[in-house]
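Contents: one structure, followed by commentary.
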Amino acid sequence: MVSTEKIKFPISRFSAKGLTCRRGGRMVFENLEFEVATGEYLHLKGSNGSGKSTLLRLLAGLLPAYRGNVCFGDDCIDGAAAARSGIMIYAGHQHGLKPVLTLRENCEAYYQLMTGSALTGDLLETAADGFALGDLIDRPLKYFSSGQKHRCALLRFLLLDRQVWLMDEPTVGLDADNRRRLEAIMAAHLKRGGIIVAASHDPIGLEGKVVNLSDFRATAAHLEHWL
């Protein structure tokens, strides 16, 4: 393992080697491997409970690996260091938005927390326009529909300049127009040299690699790890 200070940015590839996850006394998946290079998209597939969300949280540094490594280029780092690396951004099922705050206030608080700097109005307006939210910037989130809230959560990918995007069901609740907007935003990120790992039951209009979590289901011999 290496410290985040030694990682060369931007990275040329993002990979997992022999990754095994144990949660709640059982193995979720084992010996999972993948590699995505600059400009590549990885689609995580699998049935409910196969470990897609768990894998994304592990890659984001929010869960520990039971075995195996997550690597940035040639450097493999532990989960906590991955979360502090400043190279990735993760959005899961819980959007973490405060309903009494406006979209502007939510974004300002998030940006300050993640960067230590103040969010500029130009950056917010550009990001909001990307998801057709420009007219809602100063409206409290409690008046938003579920689809609008989901788009607000996706704004984070445009607010922060991070190379690796980890996206959990990014298309949920989006209508056809907003799915096309999302696909265009993802394609533009890849064209700039970004890397995207996304779990989705819905097809996303991007060409890329596929990992099916069902292919890495833990064997029966590893299920009896009781606490």
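The values are calculated or read from the model by the stated rules, or taken from the named source; none is laboratory data. Since this is a predicted model, take the numbers as computed values, not measurements. With ideal geometry, Cβ positions are generated from the backbone for all residues, glycine too; neighbour counts draw on all protein chains shown.
Tabulated values for the structure
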read-out	value
Members of the stretch 135-160 found to be over 19 Å from Gly92 (Cα atoms) and in contact with a Ser or Thr (Cβ under 9 Å, 6 or more places away or on another chain), listed by number	Leu136, Ile137, Asp138, Arg139, Pro140
All positions within the stretch 177-210 that are of a type in the set (Val, Ile, Thr) and at pLDDT below 95	Ile204
Some residue of the stretch 154-169 being crowded, with 18+ Cβ neighbours inside 10 Å, assigned to a strand (DSSP E or B), acidic (Asp, Glu) and touching a residue at least 60 places away in the same chain (Cβ under 8 Å)	yes
Residue identified as crowded, with 20+ Cβ neighbours inside 10 Å and closer than 20 Å to Ile195 by Cβ among Phe72, Phe34	Phe72
Any pair with Cβ under 8 angstrom, 6 or more apart, that starts in the stretch 91-107 at a residue that is touching a residue at least 40 places away in the same chain (Cβ under 8 Å) and ends at one that is of a type in the set (Val, Ile, Thr)	Leu103/Ile137
Index of the failed condition, Pro10 passing every other in (1) at pLDDT below 95; (2) under 20 Å from Ile204 (Cβ atoms)	(2)
Of all residues in the stretch 47-78 being among the small types (Gly, Ala, Ser) and under 26 Å from Gly116 (Cβ atoms), the one that is farthest from the chain's Cα centre (by Cα)	Gly73
Odd one out for Gly193, checked against (1) part of a loop (DSSP other than H, G, I, E, B); (2) in contact (Cβ under 8 Å) with a residue 40 or more places away in the chain; (3) touching a helix residue (DSSP H, G or I) at 6+ places or on another chain (Cβ under 8 Å)	(3)
Sole residue being small (Gly, Ala, Ser) and either over 29 Å from Gly205 (Cα atoms) or at pLDDT 95 or above (or both), chosen from Gly96, Gly116, Gly173	Gly116
Checklist (1) surrounded by 18 or more Cβ atoms within 10 Å (Cβ to Cβ); (2) assigned to a helix (DSSP H, G or I) applied to Leu113, failing item	(1)
Cβ-Cβ under 7 Å pairs, at least 6 apart or on other chains, the stretch 109-120 side of a type in the set (Phe, Trp, Tyr), far side surrounded by 14 or more Cβ atoms within 10 Å (Cβ to Cβ) and not in a helix (DSSP H, G or I)	Tyr111/Leu119
Set Gly86, Gly92, Gly73, Gly49: member being out of contact with any helix residue (DSSP H, G or I) (no Cβ under 6 Å at 6 or more places or on another chain), small (Gly, Ala, Ser) and more than 17 Å from Leu166 (Cα to Cα)	Gly49
Subset of the stretch 16-61 [of a type in the set (Val, Ile, Thr), outside any strand (DSSP E or B) and within 21 Å of Ser200 (Cβ to Cβ)]	Thr54
The stretch 79-107, subset assigned to a loop (DSSP other than H, G, I, E, B) and either surrounded by 15 or more Cβ atoms within 10 Å (Cβ to Cβ) or among the hydroxyl-bearing types (Ser, Thr, Tyr) (or both), residue nearest to the chain's Cα centre (by Cα)	Gly92
